[in-house]
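The structure appears right after this line, and notes come after that.
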Amino acid sequence: MVTCKLAFHYFPHPQMALQEMRRITTRTGRVVPIDRVSAEDETKRVYQNQIEALCTPANTCVYSASQLVAALETAGFVVDERADDAEHTEA
């Protein structure tokens, strides 16, 4: 099992991190990323990321849940479970 807690929003190239997770995960292994998510609405997401950058300059981007799922799938993972506080609704 590979876990990554509260780190994706700091990665300048998250796809590289996902590729490395894929490389080291066995065929039956699991990857469990845990991170904050932004709004699905692009205008809200941009605004949220501007605020995040003011609070934490090292912050690269807080992604929406759908962006994180797409990144995982692009890296070759199958997303078979998802949990979030908003029950998959827009923030």
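Stretching V32 away from K44 to a fully extended chain increases their span by 1.7 nm, per 0.36 nm per residue minus the current alpha-carbon distance.
Checking every one of the trypsin sites (Lys or Arg not before Pro) in region 25-83 against DSSP loop status and a limit of 11 other Cβ atoms within 10 Å picks out R27, R82.
Only helices enter this figure: runs of n ≥ 4 DSSP H residues, each worth -39500 (n - 2.57), summed and divided by the residues of the chain, yield -12000 deg cm²/dmol at 222 nm to the nearest 500. Amide H contacts of D35 (H built 1.01 Å from N, in plane; Pro and chain starts excluded): L6 sit under 5 Å, all sequence-distant by 5 or more or on other chains.
None of the figures in this text is laboratory data; all of them are computed from the coordinates on show. Values in this document were obtained by computation on a predicted structure and should not be read as measured data. Every residue, glycine as well, gets a Cβ built from its backbone with ideal geometry; the counts of neighbours run over all protein chains shown.
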